[in-house]
Each structure stands twice: as C-alpha cells, then as structure tokens.
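Quick notes on the structure that follows.
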Amino acid sequence: MIIKSTHSEGNRLTSLERWDALVEILANLTIIGALALAVWTYQSDQLQNRQVASYDMLARFNSGELLSAQSNIRRTINRLPLSQLRGVVIPRKTMETMLTQLVSQESQKEDFNQDAILLTGFYDQVQVCIQIGACDEGVIRAHLGETARRHACILMPYVRRLRSDFLIDGLGDGHAVLAEYEERC
C-alpha cells in the first residue's frame with residue numbers, strides 16, 4: 001500500500017526552507033524579548049529615578065534652611081499649651097488665633113512668618129513632585145507623611161492667613177493635599 005502525502009510536491013517545504021522559517025521565528029521571538037527587556041529596564045529606571053528624587057527631597061528637608069526653619073517653628077510652637085489639649089478637638093480658627101497671638105509676642109515675628117512660608121512652600125513642592133510623577137509617593141509618605149500632617153494641623157490655619165496677608169496665592173495647597181488636611185486635621 002502506498003500512502004500519498006496530502007501535500008503536493010509544490011507545497012512541501014524543503015529542509016532549508018524549514019530552517020529559514022525556524023530562524024525567522026526565533027529572530028522575531030528575540031526581538032520581542034529584547035523589547036520586553038527594554039520596557040522593563042525603562043520602568044525600573046523610572047522607579048529608581050523617582051526614588052532618588054524622593055530621597056533628595058528628604059535630604060533637603062533635613063538640612064540647611066529647612067532644618068533651621070523647622071527648629072525655629074518647633075521652638076515657637078512648643079510654647080503653645082498643646083500637651084494640655086491632647087484629645088481635645090481644637091477648631092482651626094482657634095488654632096490660628098492661638099498661633100497668631102503667640103507669634104505676635106515674638107521678637108522675630110517676620111522670621112517665623114518666613115520660616116512658615118519656607119516650610120509650607122517645601123511641602124507644596126513635594127506634592128508637585130508626586131503629582132508630576134517625579135517622586136515616589138510611597139517613599140515620601142513613609143518618611144514625611146506624619147510630619148507633614150502635624151505641621152499642617154498646627155500651621156495651616158496660620159499659613160492661610162499669611163497667604164492672604166502677603167498675597168501668596170496657592171501657598172499651602174499642596175501641603176494640604178500631602179497631609180490630607182481636610183480629612184485628618
């Protein structure tokens with residue numbers, strides 16, 4: 001019995017043609033693999049760049065003028081009777097009034113105002129960094145989130161008054177978002 005092939009002689013692939021087809025398939029798979037690797041590398045680089053930018057922001061927060069501003073603000077705020085008010089909800093207007101009265105007694109009132117503007121402006125920059133995707137939100141929130149919230153809860157009512165007094169539109173808007181001010185303070 002003779003078995004006939006269902007392929008006609010014209011449709012049959014020669015060994016050389018089979019190898020050519022196999023090489024072409026492997027070449028295409030290699031290109032696909034290279035593209036996948038390039039995308040993965042790009043995404044990894046982007047993540048690393050966001051993390052580096054985040055750590056640069058954190059280093060800036062903990063040095064120079066910002067560190068000095070935090071110390072000056074903390075020194076003034078420590079004079080508020082906040083520890084006596086633990087667990088008590090303080091209306092924002094009351095917090096603004098308390099801080100305004102305290103700062104008005106300071107000999108360095110303008111310095112306090114500048115420090116509050118500097119610190120709040122920094123938080124605004126951090127939020128912009130997150131919004132444009134240049135900073136890693138997880139890194140920022142892990143290292144700065146609670147501090148940003150504490151500063152916002154105490155300073156934001158006062159800063160909003162400074163914003164209107166000095167016509168600094170938008171000052172504190174990013175800080176409020178970063179600190180989840182409306183929900184947490």
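Before moving on, here are some points about what is shown:
- Region 3-159: relative contact order as a whole-number percent, Cα under 8 Å and 6+ apart: 34 percent
- Dipole orientation for region 36-185: of the candidates GLY170, THR120, ILE73, ILE73 has the Cα lying most toward the positive pole (charges on Cβ; Lys, Arg +1; Asp, Glu -1).
- Around PHE122: net Lys/Arg minus Asp/Glu count, Cβ-Cβ under 13 Å: -3
- Here region 16-30 and region 100-156 have alpha carbon centers that stand 60 Å from each other.
- Estimated FRET transfer efficiency when R0 is 41 angstrom, pair ASP20-TYR55 (beta carbons, to 0.05): 0.20
- Label-point separation in nm, ALA27 to SER83, each point 7 Å along Cα→Cβ: 7.7 nm
- Förster radius 30 Å - calculated FRET efficiency between ASP45 and GLN114, Cβ distance, rounded to 0.05: 0.20
- Per-residue extension of 0.36 nm, minus the Cα-Cα distance of ARG92 and GLU182, leaves a gain of 31.3 nm for this segment.
- Order of exposure, largest accessible area first, which applies to LYS109, LYS93 with probe 1.4 Å: LYS93, LYS109
- Among LEU37, LEU171, LEU102, the residue with the largest mean-square fluctuation in a Gaussian network model of the chain, with springs joining Cα atoms closer than 10 Å, is LEU37.
- Within the accessible area of the chain (1.4 Å probe), percent carbon and sulfur: 57 percent
- For LEU118, solvent-accessible area (1.4 Å; no DNA, RNA or ligand), Å²: 60 Å²
- Surface accessible to a 1.4 Å probe, per residue, for the residues of the chain, Å²: 65 Å²
- Solvent-accessible area of MET98, all protein chains in place: 40 Å² (probe radius 1.4 Å, heavy atoms, ligands and nucleic acids excluded).
The values are calculated or read from the model by the stated rules, or taken from the named source; none is laboratory data. The shown structure was predicted, so the numbers you read here are calculated from the model rather than taken from an experiment. All Cβ positions, glycine included, derive from the backbone under ideal geometry; neighbour counts span all protein chains shown. SASA here: full protein model, heavy atoms, side chains in, ligands and nucleic acids out. Shrake-Rupley method; radii C 1.70, N 1.55, O 1.52, S 1.80 Å.
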